[in-house]
1. Can you find a residue in segment 77-95 that is touching a helix residue (DSSP H, G or I) at 6+ places or on another chain (Cβ under 8 Å) and of a type in the set (Gly, Ala, Ser)?
2. Which number in (1) outside the structural domain of LEU149 (by TED's automatic domain parsing); (2) of a type in the set (D, E, K, R); (3) over 26 Å from the mean Cα position of the chain (by Cα) marks the one condition that LYS18 misses?
3. Report yes if some residue within segment 62-76 is open to solvent by 70 Å² or more (accessible area, probe 1.4 Å) and among the hydrophobic types (A, V, I, L, M, F, W, C); otherwise report no.
4. Checking THR62 against (1) at pLDDT below 95; (2) of a type in the set (Val, Ile, Thr); (3) under 30 Å from GLU264 (Cα atoms), only one condition comes out false. Which one?
5. How do the helices (runs of 4 or more DSSP H) wholly within segment 102-197 filter down when requiring 2 or more residues that are more than 27 Å from the chain's Cα centre (by Cα): which remain?
6. Yes or no: VAL51 among the β-branched types (Val, Ile, Thr) and open to solvent by less than 20 Å² (accessible area, probe 1.4 Å)?
7. Against the conditions (1) modelled with pLDDT of 95 or more; (2) surrounded by fewer than 21 Cβ atoms within 10 Å (Cβ to Cβ), where does ILE269 fall short? Just the number, please.
8. Within segment 135-150, identify whether any single residue is touching a strand residue (DSSP E or B) at 6+ places or on another chain (Cβ under 6 Å) and loosely packed, with under 13 Cβ neighbours inside 10 Å, and answer yes or no.
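The values are calculated or read from the model by the stated rules, or taken from the named source; none is laboratory data. For clarity, every value in this text was computed on a predicted model and none was experimentally measured. Heads up, the Cβs are rebuilt from the backbone with ideal geometry, glycines too, and the neighbour counts pull from every protein chain shown. Accessible surface areas use protein heavy atoms only, side chains included; no ligands, DNA or RNA. Shrake-Rupley method; radii C 1.70, N 1.55, O 1.52, S 1.80 Å.
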Amino acid sequence: MANIFDDLEVGKSVFKDKQPLDHRFLPENLPHRKEQITQIAKYWIEALNNVTPSDITIYGKTGTGKTAAAKFAREQLNEAASNKNVFIKVEYIRCTDYTTEYQVIAQLCQKLGRNVPHRGWTKGEVINTFRDIFRRNAYGKKLILIVILDEIDILLSKDGDGILYTLTRTDNVSILSISNYVEFKQFITPRVMSSLRDKEIVFPPYGADQLADILSERAHLSFKEDTIESDVIPLCSAMAAKEEGDARYALDLLRTAGEIADEEESDKIIGDYVRRAKDRIEHNKITDIILTLPTQQQRVLDAILRLTQNNEEITSGKLYDTYKEVSKGDSVTYRRIFDFINELEMLGIISTNTISRGRGKGRTNIITLQCDTNLLEKTLYSI
């Protein structure tokens, strides 16, 4: 039998490199995020003077450039530090991959050259090994460690604030926390908050014009010349702007439109391919995700659908009440609901928007459905 891949050789294509259309790709320039990157740099510059920087918390919706900006600032700091007599390490931890304090500390030890197993030791042993790195290092210099904790709300909701307690009480450690969800600080106890004293940076959603700038730069890197019709990037940008200014969604649209062009053996990406890309992304994402969600998350989504159909403002409290009605006694705790909200937002099915209720009333997250209600209803009720 001939090798199956021989018949799948890629023929004519509009692409020269798909990687720049992946949201994890870190470009040399981040359009419309200079202000936020500069804010991070203003806090981190202390490290270049051998002073531990202040802790930072970054807020923003999915696809607003939070992770990219933090990684971009890391690259810039590493470059600046290479010309100075300082020892700075900036380590990135995605909290969806490391969901307990033990796992995070063990991973940091591994990154810093200490062979610590990801299970088997006591938490105290791991923490002591981590702190010993700062007392003795091969470079003979004071080590300043900046830890980027991406999607920290997931870690805190599942394992509590022990990781923040440990890191804030370890000398020469600074934390940059990234969250989609402003209310994650409810998981932090007062004793830890008193040590954190973080500086907050908000990442606003991108506008259509800003998304167009991002796509234009990525398209130049990804597609062959003269393969994109003039209406394609504005259309992708307008559609993504309606989805809470999500740059990830804009990149997905453009990449999928290019893939449809290849499927059609066309040498041009046209507006119709973008509209087909939207339908394909929406349908595939919704049906595949919903059918594989755990039962309790499906119930949360059902509650969001009911409130949306009733044109009600969806707060976490109102959602929990409706969810309990849907669950008919088989429900999880209010705290666990925040995990589900975060996970559904990461999947792009919902979005959250933080609003202020006025002086003395604090801030509240409003939940909004980000998919077609008819498709969602059809999929949910087919289960």
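1. Checked segment 77-95: at least one residue is touching a helix residue (DSSP H, G or I) at 6+ places or on another chain (Cβ under 8 Å) and of a type in the set (Gly, Ala, Ser).
2. (3)
3. No: zero hits.
4. Among (1) at pLDDT below 95; (2) of a type in the set (Val, Ile, Thr); (3) under 30 Å from GLU264 (Cα atoms), THR62 violates only (3).
5. Qualifying helices (runs of 4 or more DSSP H): 123-135.
6. So VAL51 fails the test.
7. Among (1) modelled with pLDDT of 95 or more; (2) surrounded by fewer than 21 Cβ atoms within 10 Å (Cβ to Cβ), the lone unmet condition for ILE269 is (2).
8. So the first thing to find is which residues in segment 135-150 are touching a strand residue (DSSP E or B) at 6+ places or on another chain (Cβ under 6 Å), and the list is 137, 139, 141, 143-150.
Okay, now just the ones that are also loosely packed, with under 13 Cβ neighbours inside 10 Å, so 139, 141.
Within segment 135-150 (the criterion being touching a strand residue (DSSP E or B) at 6+ places or on another chain (Cβ under 6 Å) and loosely packed, with under 13 Cβ neighbours inside 10 Å), the answer is yes, since at least one residue qualifies.
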